[in-house]
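Enquirer: Structure provided below as structure tokens; questions to follow.
No lab work stands behind these numbers, since they all come straight from the coordinates. All of these numbers come straight from a predicted model, not from anything done at the bench. All Cβ positions, glycine included, derive from the backbone under ideal geometry; neighbour counts span all protein chains shown.
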Amino acid sequence: MKSILLTSLLLPWLSLSAAAPAFDDPNPQRYDLTKRASEIDPRAKEHPEIGFLFADKKGNPQDIQHANVDTRVAPQGKLVIWLMGYSGTLFEKVNSYGLHAIQVHYANKWFGMIPAARRDDGNTLGNMRLEATTGEDFSDLCAIPKPDGMMERSFQFVKWLSKENPQGKWEQFINEKGDGLNWDKVIISGSSHGATSSARFAKHQKVDRVVCFCGPRDQLESWQSLPSATPANRYFGFSHVLDSGWTGDHYCRSWEMMGLNQFGPIVDVDISAPPYANSRRLITQFDVKGDAKRAHSSVTPGKAAAKGPNGEYLHEAVWNYLFNQPVDKTGDSVPPDDECVKDLKK
């Protein structure tokens, strides 16, 4: 295992500030809303060529989208868009921070259509991710129209939510023109595949923050070093050292290509305390019994996460930090890690 920079710097936790319209809800509560994408926008289409369907073989809906907001908590005026399968546990966490959250169904099942000869060419994966998230023409291997991309699906969902759940004040996330989201208020986040697509999208579209669990990674891709619309200090990553993305040098490579070493060392959260030297690169080494698959999913709230003797999550402070650390508070720049292999081979 490559060397890992650690810190035990102890600093007081940072307070959060509410910068959003206050809720005016006569019955404050946590709202849990769902709606099929195909029912919100009649332009939404299936793409059977990549296995992207509205229902499975048994007729069960596959395009259900989720939204949560807690009007008992002072709002921050930020919207988390989660690019992975819905996680009620995670959404409950971010709602407790005063964040709105949605998970959208968009055309992201494209791995199987990439020719083997192009999978490691350095550009194909990133271009596919960008087409799927934007609904714009970035890849010659697919044709994902705007209504089926993440951006438009998110916008249409928020428009529906603003009418369906006025208590949540979802309209604050729509731009002044009324033709899209105000991306300056969006935290884009995901795990694994979703983490990588989040980071790729944020390179193209400026957002408030990027939170990557077990990611990003894209093997031999070069997009991580492209100029970024989202400033590099707004990217945050958290992974387990037994995850194959770490042991294969993928995470450390992507983090350095994105310039995250400018904002502090790699910090082991299990022997550190918030604010983790104000770093953007966090890791855990908690015991997963050598199970790389568990390691991969262990950094998000859920059954694979680290728990104490009473069942309490041990990484509560980490999740809080990832979503709430002020982006202008950064650690000291450190040199690239010589043991992290950046020139990966096919």
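Enquirer: Take the residue pairs 177/329; 78/293; 45/109; 169/303; 169/203; 203/303 and return only those whose Cα atoms are more than 23 Å apart.
Expert: With Cα atoms farther than 23 Å apart: 177/329; 78/293; 169/303; 169/203; 203/303.
Enquirer: Now, a different point. What fraction of the DSSP beta bridges in the chain is antiparallel, stated in percent and rounded to the nearest 5?
Expert: On the way: 14 of 37 bridges.
Taking every DSSP beta bridge within the chain, about 40 percent pair in antiparallel fashion.
Enquirer: Can you give the convex hull volume per residue for the Cα atoms of segment 30-250, as a whole number of Å³?
Expert: Working: hull volume 29.9 nm³, N = 221.
About 135 Å³ per residue, rounded to a whole number.
Enquirer: Oh, and also: Could you compute the net charge surrounding residue 231? Neighbours are other residues with a C-beta less than 15 Å from the C-beta of residue 231; K and R count +1, D and E count -1. Write out the running numbers ahead of the final one.
Expert: Values: positive: 203, 206, 209, 234, 280, 329; negative: 184, 208, 328.
Here the count lands on +3.
Enquirer: Regarding segment 149-277, what's the average projected area of the Cα-atom convex hull, expressed in nm²?
Expert: With the hull built on Cα positions only, its mean projection is 9.3 nm².
Enquirer: In the chain, which longest range has no GluC sites (Glu not before Pro) that are both DSSP loop (not H, G, I, E or B) and surrounded by at most 16 other Cβ atoms within 10 Å?
Expert: The segment 177-311 is the longest one with no such site.
Enquirer: Nearest 500 deg cm²/dmol is fine: what mean residue ellipticity at 222 nm does the chain get from its DSSP H runs of n ≥ 4 alone, each adding -39,500 (n - 2.57), divided by its residue count?
Expert: -6500 deg cm²/dmol
Enquirer: Using the number of other C-beta atoms within 10 angstrom as an exposure proxy, rank 33, 90 with the fewest first.
Expert: Sorted ascending by nearby Cβ count, the order is 33, 90.
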